[in-house]
Amino acid sequence: MPAIIEADHLKKAYRGDVPALAEATFRIEKGEFVTLIGRSGSGKSTLLNILGCLDSPSSGALTLDGEPVNFRDPSLLVSLRRRKIGFVFQQFNLLPYLTAQENIEYPMLFNYREPEVRARAAQELLTCVGLSNRGHHHPSELSGGEQQRVAIARALINNPPIIFADEPTGNLDQKTSEEIFSLMQSIAREKKTTFFIVTHERDFGEYADRSFQLIDGKVTGA
Amino acid sequence: MTKLVDYAKLSARQLMKKRMRVFLTAFGIAIGIAAVVGIISFGEGIRYQAIETIKQQSDLTLIEVTGSVRDGTVIPITESKVSLIQKIPHVEAAGPVYQVSFSTLRQTYISVTGISGEDLQKIFKPSFASGGMYDPASNQVIFGHELAEKLQKYEGVRQGDLFTVVIRDYDPNGAPSDRKLAIQSSGALRERGDSLDSLLLMDRDSVSALSNESTPYNAVYVRVDNPEHVFAVVDEIQSLGLSANGSFRQIESVNRLMDLVILFLSIFAAISLIVGALMIVNTMIMSVYERTREIGVSMALGASQGDVVTLILMECLYIGVIGGLLGDLLGIVFSWAINSVGKAYLITQMGDMFSGFARYDLTLVTPEILVMGFLVAVVLSLLSGIYPALQAARLNPVDAIRHT
């Protein structure tokens, strides 16, 4: 199986030598559903930001979907985020003045797709996440679980091979969290999309094909 | 294009969230634009009045062309130049003239212009107080109104009288010698209010024979069909290397003066524009700060720095468009107020002295002024948005997403 994410000795230190990520070397295959479990401050978000091309490592190399990532090339990073990556955040981060459907379409704006194409894709994804009748609602009219479903649909809109989710259930109750994990798992199976989910809740490890741990800045179990 | 339309829609949605703030910011720039529009329209109104007054009091379509000196070379008025002038579009007639001087036996100085009877009719359309045109190649002359009065008063010469004038020649060594010539007036002109009033007019061929002059001519009088075309004709004449003078020069002077006055007043109006621009900068910096997280999320979702800059500048464009339209509207109201209130007040206060102004509006709002006001608002808003836009584009997405 070809690797979709290949991290090779990724390290990150802030302000000289304060280590945020001591060592991350692993390989994730296409369509895998992976969780990264670690305590607060263990470097989970730092690793996720590097893998998502939002931050650069102090050293090491990263390859996404066969493409080596040059962290010094901002336009390449933007291009990778547009083509290969989808993000799901703990706070959902939906734009309050857009409807659910418009929020889902939002990343497609930066790929300069026609409005009809965007609308069709967004409606399909609304159905996919079980919100086909909620497209015209604003985020304030949706529950936390529904907002996160919209956020998952938004992450999928450009059909990226990788979705990074940072504590996607951190703001949700247990039942809704399970529904969200279940939804992400089924999407991963159905669309062969790789999910890389950062969480501090060990219970959700059971949904994963593989579960890494981040202890003292080092990835283990890879 | 799809991108810009989408961004325009998105920015409009953003602005709708904070209508009052946007309106107040746009209003700030609108006040500046209204001041500029009002001041310029006031200046244009004064300019219009001055030019209309000149047009009424002067013969604008008459141009006097003379030879000139360029780079040390004398450019004379030759027959070919006259022919070229006659072919310039909108020139109704162009009559070359000789200019000499006579004196009477009592040493009264007389300026003489030798012009053909046909050119005199076409160019000056003379109206006679008494008598009529001179005969070609004769010693007959026509008195200008002022000259007729002067000759009658100091020389006792009346229209129709035969009288003697002295023509002074100079030999090659510069020694003067005088010749006497008997001339007779065929007519005297009505008062015209121009240079013809003080001239003695004579047939061009007669003057040529008297002064032994052939071409080049001393001047060419040009009649243009319409005051609107005078400056174009002047440009053509000047391109032939010749000089042009006439009442239109007064318009040039008025234009120069009013340009200066309007520029000076606009500088004061610009102060309010600067304040308006600072309001936009402040509003947009606040807006970027409040949306730090949203900008970070957008970057994570694929927005480039250029996309962020475009989105912020698009909002500034809206503010500029609203400010420009509002400013033009306020400027029109301002101009109307000057006309309806200010004019009445000035006329009451200044009485007859100001009565001439009653014919025209004090202000003149032209489409050009309104377009200029609108464009200034838009450009200023875009310039004001550059710093906040760059600030937004330089945000670190990781820090921005964490922003609360």
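The values are calculated or read from the model by the stated rules, or taken from the named source; none is laboratory data. What you are looking at is a predicted structure, and each value in this text was computed from that prediction instead of being measured. FYI the Cβ positions are ideal-geometry reconstructions off the backbone, even for glycines, and counts take in every protein chain you see. All accessible areas refer to the heavy atoms of the entire protein, side chains included, with ligands and DNA or RNA removed. Shrake-Rupley method; radii C 1.70, N 1.55, O 1.52, S 1.80 Å.
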Peptide B:287-294 - average C-beta neighbours from other chains (10 Å radius)
1
Which shape class, rounded, prolate or oblate, goes with the stretch B:152-235 when its Cα gyration tensor gives a ≥ b ≥ c as root eigenvalues, a/c under 1.5 marks rounded, and past that a/b bigger than b/c marks prolate?
oblate
Which order do peptides B:137-145, B:365-373 fall in by mean Cβ count within 10 Å, highest first?
B:137-145, B:365-373
Roughly how far apart, in whole Å, are the Cα centres of the stretch B:285-326 and the stretch B:122-147?
77
Using just the helices of chain B, give the 222 nm mean residue ellipticity in deg cm²/dmol: DSSP H runs with n ≥ 4 each add -39,500 (n - 2.57), and the total is spread over all residues, rounded to 500.
-18000 deg cm²/dmol
Residue-span extension gain [B:Asp161 to B:Thr53] - 0.36 nm each, minus C-alpha spacing
35.0 nm
Partner lysines whose C-alpha sits under 26 Å from that of A:Lys175, ignoring same-chain residues fewer than 8 away, are A:Lys44, A:Lys191, A:Lys192
Reciprocal mean inverse distance between Cα atoms of chain B - Kirkwood radius, Å
26.9
Per residue, how many Å² of accessible area does the protein assembly as shown show with a 1.4 Å probe?
47
Cα-centred dipole magnitude for the protein assembly as shown, charges only on beta-carbon of K, R (+1) and D, E (-1), debye, nearest 20:
1580
Give me the percent relative contact order of chain B, please, defined on Cα pairs under 8 angstrom at least 6 residues apart.
30
For the stretch B:37-151, place one equal point scatterer on every Cα, skip the solvent, and apply the Debye formula. What is log10 of I(q)/I(0) at q = 0.13, 0.18 Å⁻¹?
-0.78, -1.14
Using modelled backbone amide H atoms (1.01 Å from N, in-plane), which distant-in-sequence or interchain residues come within less than 5 Å of B:Val157's amide H?
B:Gln152
Which of the peptides B:170-183, B:233-246, B:96-109, B:20-33 is most tightly packed, and how do the rest follow, judged by the mean count of other Cβ atoms within 10 Å per residue?
B:20-33, B:233-246, B:96-109, B:170-183
With bins 5 Å wide starting at 0, give me the P(r) of the stretch A:3-220 over every alpha carbon pair, in whole percents.
1, 7, 16, 19, 20, 16, 11, 6, 2, 0, 0
Among A:Leu98, A:Leu156, A:Leu51, which one shows the biggest mean-square fluctuation in a GNM of chain A, springs joining Cα atoms closer than 10 Å?
A:Leu98
Between 0 and 90°, nearest 10: helix A:144-156 axis offset from chain A longest Cα axis
70
Could you tell me which residue out of A:Ile197, A:Ala165, A:Thr46 lies farthest along the dipole of the stretch A:3-220 toward its positive end? Charges go on the beta carbon: Lys and Arg +1, Asp and Glu -1, centred on the Cα centre.
A:Thr46
Across the protein assembly as shown, how large is the tail of the calculated P(r) beyond 45 Å, expressed as a percent of all Cα pairs?
52
Ignore the peptide's own chain and count Cβ atoms of other chains within 10 Å of each Cβ in A:102-111; give me the average, rounded.
4
Got a sec? What order do A:Cys128, A:Cys53 fall in by accessible area at 1.4 Å, biggest, i.e. largest, first?
A:Cys128, A:Cys53
A:Ser140 paired with A:Gln174, simple spin-label distance in nm, labels 7 Å along Cα-to-beta-carbon
3.3
Hey, if you put +1 on the Cβ of every Lys and Arg and -1 on every Asp and Glu Cβ in the stretch A:3-220, which of A:Leu77, A:Leu214, A:Ala122 ends up farthest toward the positive end of that dipole?
A:Leu77
Per residue of B:393-403, what is the mean number of Cβ atoms on other protein chains within 10 angstrom of that residue's Cβ?
3
Between the alpha-carbon centers of the stretch A:154-222 and the stretch B:196-269, tell me the distance in whole angstrom.
87
B:Tyr387 versus B:Ser103: modelled label distance in nm, points set 7 Å from Cα along the beta carbon direction
7.5
Evaluate the charge dipole of the stretch B:289-404 about its Cα centre and quote only its size in Debye, nearest 20, assuming +1 on the Cβ of each Lys and Arg and -1 on the Cβ of each Asp and Glu.
160
Tell me which trypsin sites (Lys or Arg not before Pro) from the stretch A:66-142 have a DSSP coil assignment and no more than 14 other beta carbons within 10 Å of their own.
A:Arg72
Please compute the net charge surrounding A:Leu80, taking Lys and Arg as +1 and Asp and Glu as -1 over other residues with Cβ under 12 Å from its Cβ.
+1
Please list the radius of gyration and Dmax for the stretch A:134-206, considering alpha-carbon atoms only, with Å as the unit.
12.2, 36
In degrees between 0 and 90, to the nearest 10, how far off the longest principal axis of chain A does helix A:74-83 point, with axes built from Cα atoms?
50
Angle between chain A longest axis and helix A:115-128 axis [Cα atoms, degrees, rounded to 10]:
80
Roughly how far apart, in whole Å, are the Cα centres of the stretch A:53-73 and the stretch B:81-99?
80
Would you list the membrane-span-like helices of chain B, meaning whole DSSP H runs whose alpha-carbon atoms span at least 15 Å along their axis and whose mean Kyte-Doolittle value is at least 1.6?
B:367-393
Debye, to nearest 20: dipole size of the stretch A:3-220, +1 on Lys, Arg Cβ, -1 on Asp, Glu Cβ:
380
Directionally averaged projected area (convex hull, Cα atoms, the stretch B:62-246), nm²:
11.1
Expressed in nanometres to one decimal, the distance between label points 7 Å along Cα→Cβ at B:Ala129 and B:Asp399 is 9.0
Rounded to the nearest 500 deg cm²/dmol, what is the calculated helix-only ellipticity per residue at 222 nm for chain A, with -39500 (n - 2.57) per DSSP H run of length n ≥ 4?
-10000 deg cm²/dmol
